[in-house]
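I have placed the structure first, in the form of structure tokens, so that the comments after it can refer back to it.
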Amino acid sequence: MNMKRRFLGGLLLCFVFVFYATAQQSDNGNGTYTNPILWSDFPDNDVIRVGDTYYMVTTTMYIFPGVPVMKSKDLVNWEYCANAIRRFDQGPAYDMQGKTRYGHGQWASSIRYHNGQFHILFVTLDEGGYHLTADRPEGPWTLHKLPKAYYDAGLFYDDDGRIYIVHGYSKLSLTEVDENLAPLGRDSVIFDKVQRKGLEGSHVYKINGYYYIYATYGGGDGYQVALRSKNIYGPYEEKVVLRDDMNLAGKGVHQGALLETPTGEWWSVIFQDRDGIGRCPTLQPVHWVDGWPIPGDNGRAVVTYKKPGTGDPQPVKLLPTSDEFDSSGLGLQWGWNHNPDDGRWSLTERKGFLRLRTASVTGDLTRARNTLTQRPFGPYSTGTMAMDLDHMHPGDIAGLGIIQLPYAYIGAVAVDENTRALIMVNNGKTVDSVSFGSGRKVYFRALVSAIRDEACFFYSLDNKKFQPLGDTLHMKFDLRMFTGNKFALFNFATVDTGGFVDIDWFRMEIRRGPPNLFKANARIEAEMYDHIDIAHVASCRDSTDGKGQAVTQTADGAWIRYDRVDFEKGYAGLLVRLASATGGGRIELFLDEELQHPYATLSIPFTGSWNKYGTVKIPVKPVKGIHTLTVKFAGAGEQVVNLNWLSFTRS
């Protein structure tokens, strides 16, 4: 691959980043939030409230320290509380000895607070069930092996002192247990009249005399249901409470927890599968209708909504991402790929550096011990690391990767004691390399787009001028790993162990600020709306990567709304990317509360088909400052237009 192609590929990805005015944070700073509340891989959410604080547990599977416990005062701004398990010494596969635990390990935890103690119940497919206990959410947590495995379990402490677990896949069973969560009798099947295969993710509540099982029909298009009965053993009636893909076509919002605030509001934290970045939690309001908890608003999952009422507004909080490695321990954002070999890494041997000694001999990043990982965040993340290569042994490979299946990395390979080469490996194949000579320090960078599910790689010798290397990684969410893509800091041997590298720092750059504030001259993607009515999002063929989306089903009266568009000093033109197989109809734009007289009107042309897109430009009256922008569709038929994006121009 020539340098020009590599440069243009990286440049294009950088441009894509600029176009999206969304952010890692969910809090808009004006009393609203925008989903997902954590645009990263925090799946299988269970959340409880203890006093005025909410605690969430999620899945990390084979990443340790793992089983993260997080806390929040408002369900929107979260911070790390603890990783409940430092390492999981339950068999050689967790040490990559012979086998691995990709796609297995800890998952689908249930968290509860009972008699002054926190409890977490989880399952592994191979080793069985486990119970974690702690007096404080910060730990220490104590791990107990259970005599029985409970699949996708919901732990429930009834008000009569009895304890139950609801568990199962497609067929839900109830087991009464003792204080140590050991079964007191046989499982009782309580529900098996499923709508389709895959009923799972059960969480159990008792509300106003009813027992509720809040569960999901899983999968990428999953949807949320509730079961209820006056008797915990049933019979149960079932209702679909949310079946919507929010603003990502075909990706259902499902599986999570029900919560009541101290002020009596009800909410649900449930995730959405967002492809390569992983499964990301969303926060949905819950309305009780005829005794059923209905998340979302009018049958749709909300994108932007008013924050839960706390009486005491909470400040915006961002999870830590960067690390200078000058502390005595790793930050809570880090996790090793499988158990680490603790004798082969150090934060003290060289102060201010993370030393990674080679801990395994392999030719594959997925089998390298002591690979340190961290979640990227949407809509984009840029991870940069500084690495000292002076003590590598011949055959050692060290660098920065993005790990899932497929994976890719940029790294330094020690050719001999004094010579290094820089390589880019994509899905196990070296696709590019450059000579590095005898340099000692190098900087590696990976740019991740959660919108396009792409990553590209760069290197620098001075941390100023970065050169692209290799081609683009097309990120996927492969069930053989079952976690979102992660940044990976690594050093492995292909010949023999004994060498080491020193990592000075790792810094992640993300888009900061209110996630729903758009620059008017950015390319405002139609699906990044704050609110929607009638219309839906569908896949769009106006891109070569298959990741495009458009707003469709735009019947007369349908609309989408962006709460905050910054027109700055004013723009005189409007570009609209659209497709129409019929022509006719209109797109009308309204500002703020004025919904009768359009700010601008565009007549929809015939473009050739619903999949053939064209760009239309019209003049508009310049306005200044930040405004709400409503895009309304008018015309005959169930579909007036497919809208891909819009952007304002100076001319």
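Each reported figure results from applying straightforward, stated rules to the coordinates on display, with no laboratory input. These numbers come from a predicted model, not from an experiment. No Cβ is skipped: glycine too gets one built from the backbone with ideal geometry, and neighbour counts run over all protein chains shown.
Under 27 Å between C-alpha atoms is the cut-off here; go through the range 517-649 and count lysine pairs that meet it, provided they're at least eight residues apart or on different chains.
Total qualifying Lys-Lys pairs in the range 517-649 comes to 18.
Order the peptides 324-331, 210-217, 40-47, 133-140 from the highest to the lowest mean number of other Cβ atoms within 10 Å of their residues.
Result, highest mean first: 40-47, 210-217, 133-140, 324-331.
Residue-wise, which Karplus ³J(HN,Hα) couplings in Hz belong to the range 598-611, taking 6.51 cos²θ - 1.76 cosθ + 1.60, θ = phi - 60°, and x for glycine or proline?
x, 6, 7, 10, 10, 7, 7, x, 7, 9, x, 5, 6, 10
Quick one: net charge of GLY573's neighbours, Cβ under 13 Å, K/R +1, D/E -1?
+3
Under 29 Å Cα-Cα from LYS239, which lysines qualify once same-chain neighbours fewer than 8 residues away are excluded?
Straight-distance partners of LYS239: LYS171, LYS193, LYS197, LYS206, LYS230, LYS251, LYS306, LYS307.
Just to confirm a number: summing +1 for Lys and Arg and -1 for Asp and Glu over residues other than GLY252 whose beta-carbon lies under 10 angstrom from that of GLY252, what do you get?
Cβ neighbours under 10 Å give a net charge of -2.
Using the count of nearby Cβ atoms within 10 Å as a rough guide to exposure, how do ARG420, ARG112, ARG512, ARG350 rank from fewest to most?
ARG512, ARG350, ARG112, ARG420
What whole number of Å gives the distance from the Cα centroid of the range 178-196 to the Cα centroid of the range 293-345?
32 Å
List every residue whose amide H lies under 5 Å from the amide H of TYR571, counting only residues 5 or more places away in sequence or on a different chain, with H placed 1.01 Å from N in the peptide plane.
The list, which skips near neighbours in sequence, is VAL623.
How large is ³J(HN,Hα), in whole Hz, for each residue of the range 205-217 in order, when computed from phi with the Karplus curve 6.51 cos²θ - 1.76 cosθ + 1.60 and θ = phi - 60°, using x for Gly and Pro?
Result, ordered by residue: 9, 10, 9, 6, x, 9, 8, 10, 10, 9, 9, 9, 8 Hz.
Treating the beta-carbon of each Lys and Arg as +1 and of each Asp and Glu as -1, no other charges, what is the dipole magnitude of the chain about its Cα centre, to the nearest 20 debye?
I would put it at about 1560 debye.
What's the local net charge at GLY343, with K and R +1, D and E -1, over the other residues with C-beta under 14 Å away?
Net charge in that neighbourhood comes out at +1.
Which far-off residues, 5 or more places away or on another chain, put their amide H under 5 Å from the one on TRP39, with H placed in the peptide plane?
Hits under the 5 Å cutoff: GLY378.
Find the centroid of the Cα atoms in the range 617-651 and in the range 83-133, then give the distance between the two in whole Å.
Here the answer is 50 Å between Cα centres.
Using a Cα-Cα cut-off of under 12 Å, which aspartates and glutamates could be cross-linked to LYS476, ignoring same-chain neighbours fewer than 8 residues away?
LYS476 reaches ASP273, ASP275, ASP453, GLU454.
Taking Cα centroids, how far is the range 545-592 from the range 445-513 in Å?
36 Å
Using 0.36 nm per residue of separation minus the Cα-Cα distance, give me the extension gain between ASP158 and LYS99 in nm, one decimal.
Here the answer is 17.2 nm.
I'd like the Karplus ³J(HN,Hα) series for the range 429-440: coefficients 6.51, -1.76, 1.60, θ = phi - 60°, whole numbers in Hz, and an x wherever there's a Gly or Pro.
Those phi angles translate into 10, 6, 9, 6, 7, 9, 6, 10, x, 10, x, 9 Hz.
Say the dipole of the range 536-628 comes from +1 at the beta carbon of Lys and Arg and -1 at that of Asp and Glu; which of GLY614, GLY548, ALA538 then lies farthest toward its positive end?
Final value for the positive-end residue is GLY614.
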